[in-house]
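Q: This is the structure I want to talk about, given as structure tokens.
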Amino acid sequence: MAKKTVELDKIAINVKSHKLLKKLLKENPKLEEIMRNSRNETEALIGVRNWVLEELERSPKALKYYKSEHAGRDMFEALRWRDYAAVRILDYIDHAGKEYIDLNLRGEVAVSNPVKLIWLAVTHGTGGAKPYFFEDMLHLFRQFRGEAEPQKPAKEQVEEWMSRYVSGLDPRIVRLREENRERIIKILIKKIDNKENKDSKFQFKPGMSLEQKYLQMLEWWKDWQFHLKFAVRDPDDLNEMLGESLDPDSMKILYGAKQAGIPFFVNPYYLSLLHVRVPYFAIGADLAMRYYVVYSQQLVDEFGHIVAWEKEDLVEPGKPNAAGWIMPSHHNVHRRYPEVAILIPDTVGRACGGLCASCQRMYDFQRKNLNFNLDKLKPNETWPEKLERLMEYFEKDSQLRDILVTGGDALMSSNKSLEKIFAAILQMAHRKKEANKNRKEGEKFAELLRVRLGTRLLAYIPQRITPELTKVLAEFKKKASEIGVKQFVIQTHFESPMEVTPEVREAVRRMISAGWTVTNQCVYTTAASRRGHTAKLRKVLSEVGILPYYTFTVKGYMENWFNFVPNARAVQEQLEEKVYGKIPEKHREAIKEFPLNAETMVENIDELKKKENLPFLAADRNVLNLPGVGKSLTYRVIGITRYGRRILEFDHDATRKHSPIINKMGKIIIVESKSISEYLRQLEEIGEDISEYQGVWGYSLGETEPRMPIYEYPEYDFKVTEKYTNLAIN
Ligand code: SF4
């Protein structure tokens, strides 16, 4: 056992822990009896194990689940509330004393042995367990006794929660934003007058009156380049644009962020979406956006120590990445699964229209690989040849059929750059198809079926979706369809119903008029995890024609503590709120056709919702994107730290194809950065009634939801080879 652990065991527990322990023992006389009669930790472990196992044996299905003799969604749904607790206690005992590297604590070792911690506390008053740990234990044993089972909220309740959040399409919000725009424009007029802006495109003509300048600004407001040029890059500018509304504590953190080297990049349009005075009908409605822009103390403290979450992003050309794929270049292709690879062009697309506070790329900003020097990111003369080489990778790969062009943000690239990328993709897809003519059945390579563009510009600067871009998208779709590409997807990222504005509605209308399907990936931050928030987002998105695709747990370690939500809440949301948007089985095949008629997406979604009386469409899956193995919410809580942070063992999503490396990788351990107690306290601080969340303590198991058929690849009319190229597994 690590020396440090032995020392920690000697630490006396504090008064609050003592009080919680007393309560725990009072509520559970059997547990107290075991603890008091055990002469050492081993006896305590055996005593608790026998007691819990005896209970679990009364529930044969749960016993099989515990022993992993049965898995899968059906078995998971058959578990009773108290079974969750029994499985968790037994898992704690099976993993007692195991040590884990805790990257939240810069690589310190975390040891999980909760029964021992209780025993030490009872017999010696030591063990160093914190109140958060004991709070979790209290709830665990209540659940084991069959108490505190949460009442599943009724549909009306979920709708009431949803109604707490207004959308950016609400006329009252639209008016507020016009006020914000006016305030920002006035500030920017002064900046231009004071020659603070060097850009020749955005200068007033000599002799213009204030009114003319204002009208000119309103015109420029519609130009996405204007928003990039005038994005704030400094805490003081940010505060100025927000009407000096940031409090001194937030400003202190922001100055710290600047000093630590964290970039700022918030554009005027997005700033106009934030409240500077809170309207009575939308209190707290902008928090999910605000906490994406205003950095946290934890991020500032950890910047400089952030470690990469995505191990497969660490690439050496010609060598296998963490998933076993051999990669063609350092930074341009990322790959985890057999069928799809990400293309990151050497264009302005390496940047985004903003910097989301919990972005996994913060690691790259820390390494100074990324920045917002937009002029310097323009493609250089070697890019065309490199693009050719990268396309060869897709062409010569036996399984790749899906290309996700992203960055940064795919739409930060100019139309010209995009056209060049599209032309290269078309040629590659054509060559791949031609080469297949000389291959036998069963030896043919996968041909290109899906092209995706990853962008958050729809939320950050919807003005980017110009008629010219729409034309580029429509033309590409037409040409690519002729050579067999079937799916054209804009993969976007909305966090809040407040981000969906009239400008967004128009931008999405343009995209779907070009025949592209727009899907959303929401990151489940603390503010976004409030009851009803994500359900409302799904509703508002589908009203403008966007299909929810994924709801992601925040990745990363302590740097993202502020926005991180324990996975238990993602399961609770799935089972208690999202369930009311579940698309009945009988329509699953029909909605597969939606992307084929992307132009009528809004009407098709609306019809389905009405037919089944669904308040929103839950086409997404709640998942965590795991290092190495990809998206999954199949987990069991197998440990807990002294600080009450849970330790989860994840399995990969068995419903999709993975690199064969998966068979060697085994399970993935994640130590969460935040305890459930801390999460609930945070919710309380932002005005939530935490009695509405009580069941969250109990969701210690998860199973990944099935994928909607709409997101499946279409079938080929030939048989693809089973051989993998570009793969090396030792
Ligand atoms: S848009 Fe995506 S890639 Fe860009 S900063 Fe936000 S989370 Fe990161």
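What follows is calculated from the coordinates using simple rules that are stated; it is not laboratory data. Please read all numbers here as calculations on a predicted model, not as lab measurements. Cβ atoms come from the backbone with ideal geometry, glycine included; neighbour counts cover every protein chain shown.
Q: If we count every other residue with Cβ under 10 angstrom of G698's Cβ, Lys/Arg +1 and Asp/Glu -1, where does the sum land? Please report the intermediate quantities before stating the final value.
A: On the way: positive: R82, R88, R142; negative: E149.
Net local charge, G698 excluded: +2.
Q: By the scheme Lys and Arg +1, Asp and Glu -1, what is the net charge of all other residues having a beta-carbon under 13 Å from that of K723?
A: Net charge in that neighbourhood comes out at +2.
Q: Based on other C-beta atoms within 10 Å, arrange K611, K479 from fewest to most.
A: With the sparsest Cβ surroundings first, the list reads K611, K479.
Q: Ok, one more. Setting aside same-chain residues fewer than 8 positions from K376, which lysines have a Cα under 22 Å from its Cα?
A: K198, K201, K229, K258, K368, K386, K416, K420
Q: Which residues' amide hydrogens lie under 5 Å from the amide hydrogen of L626, considering only partners 5 or more residues apart or on another chain, with H built in the peptide plane?
A: Placed amide hydrogens put K631, S632 under 5 Å from L626.
Q: Might you report the magnitude of the Cβ-based charge dipole of the chain about its Cα centre, with Lys and Arg at +1 and Asp and Glu at -1, to the nearest 20 debye?
A: For the chain, the charge dipole is close to 720 debye.
Q: Which shape class applies to the stretch 48-129: rounded if a/c is under 1.5, otherwise prolate when a/b exceeds b/c and oblate if not, where a ≥ b ≥ c are the square roots of the Cα gyration tensor eigenvalues?
A: Oblate shape, in that a/c is at least 1.5 and b/c is the bigger or equal ratio.
Q: What net charge is computed for the residues neighbouring F564, neighbours being all others with C-beta under 13 Å from the C-beta of F564, Lys and Arg scored +1, Asp and Glu -1?
A: Result for the neighbourhood of F564: +1.
Q: Next question, about the same structure. Neighbour counts of other C-beta atoms within 10 Å: give me S59, S481, S68, S167 arranged from fewest to most.
A: Starting with the residue having the fewest Cβ neighbours, the order is S68, S481, S59, S167.
Q: Compute the distance from the alpha-carbon center of the stretch 131-184 to that of the stretch 514-554, in whole Å.
A: 15 Å
Q: Please give the FRET efficiency for Y280 paired with A71, using the beta carbon to beta carbon distance and R0 = 41 Å, rounded to the nearest 0.05.
A: 0.25
Q: What Cys residues in the chain are without a partner cysteine, judged by a Cβ distance under 4.7 Å?
A: If one checks each Cβ against the other cysteines of the chain, C352, C522 turn up with nothing under 4.7 Å.
Q: Taking θ = phi - 60°, what integer Hz values does the Karplus form 6.51 cos²θ - 1.76 cosθ + 1.60 yield along the stretch 388-403, in sequence order, with x for Gly and Pro?
A: Calculated HN-Hα couplings, in order: 4, 4, 5, 5, 4, 4, 5, 5, 8, 9, 6, 10, 5, 9, 9, 10 Hz.
Q: Follow-up question, since we're still on this one. Using the Karplus curve 6.51 cos²θ - 1.76 cosθ + 1.60 with θ = phi - 60°, what ³J(HN,Hα) values do you get for each residue of the stretch 660-666, in whole Hz, with x for Gly and Pro?
A: Listing the rounded values in order: x, 4, 4, 5, 9, 6, x Hz.
Q: Under 8 Å for C-alpha pairs, at least 6 residues apart: give me the relative contact order for the stretch 573-723, rounded to a whole percent.
A: It comes to 25 percent, rounded to a whole number.
Q: Okay, next question. Defining a contact as two alpha carbons under 8 Å apart and six or more residues distant in sequence, what relative contact order in percent does the stretch 1-146 show?
A: With pairs under 8 Å counted, the relative contact order is 39 percent.
Q: Turning to a different aspect of this structure: For the stretch 298-348, what relative contact order do you get, as a whole percent, if you take Cα pairs closer than 8 Å and at least 6 residues apart?
A: 21 percent
Q: Which order results if E108, E688, E302, E77 are arranged by neighbouring Cβ count within 10 Å, fewest first?
A: Neighbour counts put them in this order, fewest first: E77, E108, E688, E302.
Q: Helix-only mean residue ellipticity at 222 nm, the chain, DSSP H runs n ≥ 4 weighted -39,500 (n - 2.57), per residue, nearest 500. What is it? The partial results should precede the final answer.
A: On the way: 30 runs with 306 residues, N = 730.
Roughly -12500 deg cm²/dmol at 222 nm, from the helical runs in the chain.
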